Amino acid sequence: MSSQDQPHLRNWINGEFVEPVSSSSTESSSGAQTQYLPVTSPFDGKVIGHVPLSTAADVEKAVAAAKAAFPAWSARTIKDRAGILIRFHSLLTKHAEELADMVVLEHGKNKAEALASVLKGQETVEYALSLPQVAQSKMLEVSRGITCYDTRVPIGVVASVVPFNFPIMVPMWTLPIAIAMGNTMVLKPSEKVPFTMSKVVGLLKEAGVPNGVVNLVYGTADPVNALIDHPDVKAVTFVGTSHIAEMVAQRCHKLNKRVLALGGAKNHMISAPDCNIEMTSTDVVNSFSGCSGQRCMAATVLLTIGKQQDLIDRIVAKAEALSPGSSPGEVGPVIDQASVDKITRYINEAEASGAKILVDGRPWAKRNKEGFWVGPTVILHTNKNDAALHDEIFGPVLSILAVENAEEAIAIENANPYGNAACIYTSSGATADHFIKRFSAGMCGVNIGVAVPREPFSFGGWNKSRFGNHCDITGDGGVEFFSTRRKVTTKWVPQENASWMS
Ligand code: NAD
């Protein structure tokens, strides 16, 4: 079968799959045909489909559908909307295996990681189900006979732009809360992993979500810019690399548009001399190699206070024992050849500057003749300026650097421009407290290398890991972002002796 025989995806607008505008009658008015990008499976590099590069004309259609759906959807009670999401939750459970298989195929996670990402996405749906109880207004008699209350009002059409590394989980960070709060949505999936969400929108429809409430537009930068610039799009969420997150936030700021743009990361773990070596080594290896290191919460720098040879030996032994594959416990490929090249370049450069490659994942590329492979890699640095210690690599690479004391470790963590996550490994509560209070990161861990806050807590970093109006995503941050407050002051009984100030 040739790559041309593989499916050509269509956008999902107003409850059905539609051809991108420019190819709907073979040619657009400008005479241009829709461009498609091949989608490859990272396991073998084979083309598994084609994703359209949608244009502003496609965005126009999707936003029009979302705008038309908004009055009726927002007029329903929050309980009614949550009721539909209960059915969606059941459908996610019913199709979890199938969705996980799609995540494995298009992204390259192992099956256990893929299934966990579906379940984690479901957790946000569960939080959205609680909103009829949680998203209450407050009311107070502020003066004799005068009452103030506020209500949370949906914003309108919202846009959500998501990255490749969690094909279902990251879209679920925004979608359930946004629509439960009464908004309608246009989602722009990553062009690298477009299939999973094309299945999920069908489940939303089956659950009873009305046509137009959730729409999908595929593509890269063009539809994102068109969404930001569209006057009917009232808020934008973005998750991806920092430089694009910053651009998205600035473009929205210029239009006075609400924006939450989560960026990249370089997360530090610090091992105190009193850390539990067995627990710490397992956790560090899981953190840097899980999902092939393609997690914004992956810890990528380990600062050992002192040399801690026993800990390093255990990390090396556990990393060396990992093998490539898609079964639980195995390490999958990275997303594409560009990613292999980038990861390899950082390892080569560190080696050239004098670092010791304690575990070398580079041979995995040769061992697996097809696909995009780099194995878990552990680098022991001596040069503090190595780029691998500072840049986001987004692969299964752990950089280890020995530091003299706690102050030096904190100074290094604080100096990195990101601020997604940081973790301290210790057996002492006082030591943990000392570090947690000094980390410059939004999500901190104690003996936990992937310190993802679970619902009802919100997710979000600091510094160059988050741009925008300073809400977090998910949890109560999501409720705050996807609603605005209407404040109402009422008086029913005429007051005696009232002045104009009363
Ligand atoms: P990316 O920035 O390349 O792409 C993200 C999205 O932006 C995609 O939908 C893409 O099509 C779109 N896009 C690409 N170029 C664009 C442009 N010029 N203008 C507007 N939109 C554009 O990111 P990625 O490689 O898909 O994902 C990996 C990155 O995402 C890593 O940096 C990772 O740390 C980050 N990430 C962050 C979080 C977080 O919560 N902070 C979570 C997951 C991933």
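The values are calculated or read from the model by the stated rules, or taken from the named source; none is laboratory data. None of the values given here were measured: they were computed from a predicted structure. Note: ideal-geometry Cβ built from the backbone for every residue, glycine included; neighbour counts use all protein chains shown.
Summary of computed values
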item: Residue identified as assigned to a loop (DSSP other than H, G, I, E, B), surrounded by fewer than 21 Cβ atoms within 10 Å (Cβ to Cβ), of a type in the set (D, E, K, R) and within 16 Å of the ligand (Cβ to nearest atom) among E455, E496; result: E455
item: The listed residue being out of contact with any helix residue (DSSP H, G or I) (no Cβ under 9 Å at 6 or more places or on another chain) and among the charged types (D, E, K, R), out of K205, K199; result: K205
item: Evaluation of I177 against (1) touching a Gly at 6+ places or on another chain (Cβ under 6 Å); (2) β-branched (V, I, T); (3) closer than 24 Å to L53 by Cβ (one fails), failing number; result: (3)
item: Single match in R367, R314, R295 (criterion: within 27 Å of the chain's Cα centre (by Cα) and not aromatic (F, W, Y)); result: R295
item: Qualifying residue in the range 406-416 (condition: in the same structural domain as S289 (by TED's automatic domain parsing) and assigned to a strand (DSSP E or B)); result: no
item: Test: F482 is at pLDDT 95 or above, in the same structural domain as V125 (by TED's automatic domain parsing) and either surrounded by 18 or more Cβ atoms within 10 Å (Cβ to Cβ) or of a type in the set (S, T, Y) (or both); result: yes
item: Criterion violated by N368 - all others in (1) surrounded by 13 or more Cβ atoms within 10 Å (Cβ to Cβ); (2) within 21 Å of D274 (Cβ to Cβ); (3) polar (S, T, N, Q) satisfied; result: (2)
item: Hey, G449 away from the ligand (no atom under 12 Å from the Cβ), outside any loop (DSSP other than H, G, I, E, B) and either on the phi > 0 side of the Ramachandran plot or crowded, with 18+ Cβ neighbours inside 10 Å (or both) or not; result: no
item: Residues satisfying the stated conditions in the range 105-136, i.e. hydroxyl-bearing (S, T, Y) and surrounded by fewer than 19 Cβ atoms within 10 Å (Cβ to Cβ); result: S130
item: Residue count for the range 273-308, restricted to those that are assigned to a strand (DSSP E or B) and either of a type in the set (S, T, N, Q) or within 10 Å of the ligand (Cβ to nearest atom) (or both); result: 2
item: Strands (runs of 3 or more DSSP E) within the range 159-272 that include 1 or more residues within 10 Å of the ligand (Cβ to nearest atom) and at pLDDT 95 or above; result: 184-188, 233-239, 258-262, 267-271
item: Residue list for the range 337-364, filter: within 20 Å of A317 (Cβ to Cβ) and over 29 Å from the mean Cα position of the chain (by Cα); result: A355, K356, I357, L358, P363
item: Matching option when the condition is small (G, A, S) and within 20 Å of V301 (Cα to Cα), among S458, S440, S428; result: S440
item: Selected residue [in contact with a Pro (Cβ under 8 Å, 6 or more places away or on another chain) and small (G, A, S)] from G325, G306; result: G306
item: Output for the range 116-130, where each listed residue is in contact with a Lys or Arg (Cβ under 9 Å, 6 or more places away or on another chain) and more than 16 Å from the ligand (Cβ to nearest atom); result: A128
item: Only listed residue being within 17 Å of K266 (Cα to Cα), part of a loop (DSSP other than H, G, I, E, B) and either modelled with pLDDT of 95 or more or not basic (K, R) (or both), chosen from G371, G395; result: G395
item: Qualifying residue in the range 131-142 (condition: more than 16 Å from the ligand (Cβ to nearest atom), basic (K, R) and within 24 Å of K67 (Cα to Cα)); result: no
item: When residues of the range 314-335 are limited to those that are surrounded by 17 or more Cβ atoms within 10 Å (Cβ to Cβ) and in contact with a strand residue (DSSP E or B) (Cβ under 7 Å, 6 or more places away or on another chain), the one nearest to I277 (Cα to Cα); result: I315
